[in-house]
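For reference, the structure is listed below as structure tokens.
The values are calculated or read from the model by the stated rules, or taken from the named source; none is laboratory data. Quick caveat, the model's predicted, so the values are computed rather than measured. As a convention, Cβ positions derive from the backbone with ideal geometry for all residues, glycine included, and neighbour counts pool all protein chains shown. Ligands, DNA and RNA are stripped out before the accessible areas are found, and what is left, the full protein with its side chains, is counted by its heavy atoms. Shrake-Rupley method; radii C 1.70, N 1.55, O 1.52, S 1.80 Å.
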Amino acid sequence: MKTFRIALIPGDGIGPEILREGKKVMDAVAEVIGITWQWKEYPFGAEHWLKHRNGLPTLFSEEDMKELGTYDAIYFGSVGDRGCRTCGTSGALLWMRFYFDQYINLRPAKLLRGIESPLRGKRPHEIDMYMVRENSEDFYIGLGGHFAGTKNSENLKLLRALYQARFKVEVTLEPGGELAYQIGVLTGLNSERVIRYGFELAKRKKLNRVTVVHKANVLTKIYGLWIEKAERVAKDYTGIELELTIADATSMWLVRRPEWFQVIVAPNMFGDILSDLAASTVGGLGFAPGGNINPDRKAGVSMFEPIHGSAPSMPD
């Protein structure tokens, strides 16, 4: 019987409750298919950050990450509360995605029997799509600035498994005031491998359409490259249609006709938004799993999570 080592991170808020129930499902599956899970639980969460990492930008240390990388997979609940607002997203999820090169975020959305869709008249399994979200670039790279005055200079680094990029930003603002900026980046190498994953998924599932989302009508440079790579990859998959759709139109059709979609491939920011909308069509965020995946296990461990946060009790 094959054994898989799983790092378990329950975290904060509803995280422990969600993982407790998820483990029951996983144990039942393991019994059916004849495998076993070897669990090890880690105390990472807001309390851990406040006690051991307070003031530092990440929830995990470099040593923590190296240890997590030895597992077959990571099962993650949710982290963050009022005392640690940043340790859940930028300090935990994004750090883990970048460190392990989890460049695919896979979020299936399927309407199950016994669950009522908020959309009138939708039947079980009529909505059945795979949302492939690019997971390591776009406007989520965390590079930008915020300053007050007339001049500002920044030297910024983007470090990834595929490449290293450096930016020197010089800003002159007349007559002066406050200015904030955020850099969005897509590279050809990463865009192509994400889009190709979407086509390979469609091929494996015997589907015949891949919808590639963009906003190249406005953000011509960054999403123009995205479209170029989609058109190039699509040539390798005869029998699978490439459908190019603008992000806002895609959101409309997800509500009007969700059964149309099979595989959707989207850049990081639009994928984040559209995957939540797709989850809502099948009953809500609680019905949509999420996998942060590096398809090459030797290059990095994958992490699996529910796609909602820790639901902290926030003050009015």
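For this structure, a couple of remarks:
- Within the accessible area of segment 90-236 (1.4 Å probe), percent carbon and sulfur: 51
- Share antiparallel - DSSP beta bridges, segment 200-316, percent rounded to 5: 30
- Relative to its Kirkwood radius, the Cα radius of gyration of segment 1-127 gives an Rg/Rh of 1.04.
- Percentage relative contact order, segment 1-85, counting C-alpha pairs under 8 Å, at least six apart: 52
- Taking the Cα centre of the chain as origin and assigning +1 to Lys and Arg Cβ atoms and -1 to Asp and Glu Cβ atoms, the resulting dipole is close to 800 debye.
- Where trypsin sites (Lys or Arg not before Pro) fall in DSSP loop in segment 219-301, at most 16 other Cβ within 10 Å: LYS235, ARG297, LYS298
- Scanning the chain for long hydrophobic helices, with DSSP H runs required to stretch 15 angstrom or more by C-alpha along their axis and to average at least -1.0 on the Kyte-Doolittle scale, returns 15-33, 188-204, 220-234, 268-281.
- Neighbour count of at most 15 Cβ within 10 Å plus DSSP loop: longest GluC sites (Glu not before Pro)-free window in the chain: 127-316
- For a straight C-alpha distance cut-off of 16 angstrom, the lysines reachable from LYS122 (same-chain residues fewer than eight places away being disregarded) are LYS110.
- Exceeding the 19 Å Cα-Cα cut-off - candidates LYS66/LYS157; LYS2/LYS23; LYS203/LYS235: LYS66/LYS157
- Convex hull (Cα only) mean projected area of the chain, reported in nm² to one decimal: 19.2
- Cα convex hull, segment 211-316: 173 Å³ per residue, rounded to a whole number.
- Computed from backbone phi with θ = phi - 60° and the Karplus coefficients 6.51, -1.76 and 1.60, the 3J(HN,Hα) list for segment 287-297 is 9, 10, x, x, x, 9, 10, 9, x, 9, 4 Hz; x is used for glycine and proline.
- Just so you know, the Rg over Rh for segment 99-175 is 1.27, from Cα atoms, with Rh as the Kirkwood radius.
- Under a model in which nothing but the beta-carbon of Lys, Arg (+1) and Asp, Glu (-1) is charged, segment 70-167 shows a dipole of about 240 debye around its Cα centre.
- For GLY80, the residues whose amide H sits under 5 Å from its own are ASP12, ALA46, ignoring neighbours fewer than 5 places away on the same chain, with H placed 1.01 Å from N.
- Relative frequency of Cα-Cα separations exceeding 16 Å in segment 143-229, percent: 67
- Simple label model, 7 Å out from Cα along Cβ direction - LEU244 to MET65, nm: 3.5
- Between GLU231 and ALA30, the modelled labels are 4.9 nm apart [label points 7 Å from Cα along Cα→Cβ].
- In segment 239-292, the chymotrypsin sites (Phe, Trp or Tyr not before Pro) that fall in loop regions by DSSP, at most 11 other Cβ within 10 Å: none
- FRET efficiency for LYS157 and ARG209, using Cβ-Cβ distance with R0 set to 45 Å, rounded to 0.05: 0.70
- Heavy atoms of the protein chains alone define the surface here; on that basis the chain has 51 Å² accessible area per residue at 1.4 Å probe size.
- When the trypsin sites (Lys or Arg not before Pro) in segment 1-104 are filtered for DSSP coil states and for at most 11 other beta-carbon atoms within 10 Å of their beta-carbon, the remaining sites are ARG82.
- Within a straight-line Cα-Cα reach of under 14 Å, LYS151 can be paired with the following aspartates and glutamates, leaving aside sequence neighbours fewer than 8 residues apart in one chain: GLU170, GLU174, GLU178.
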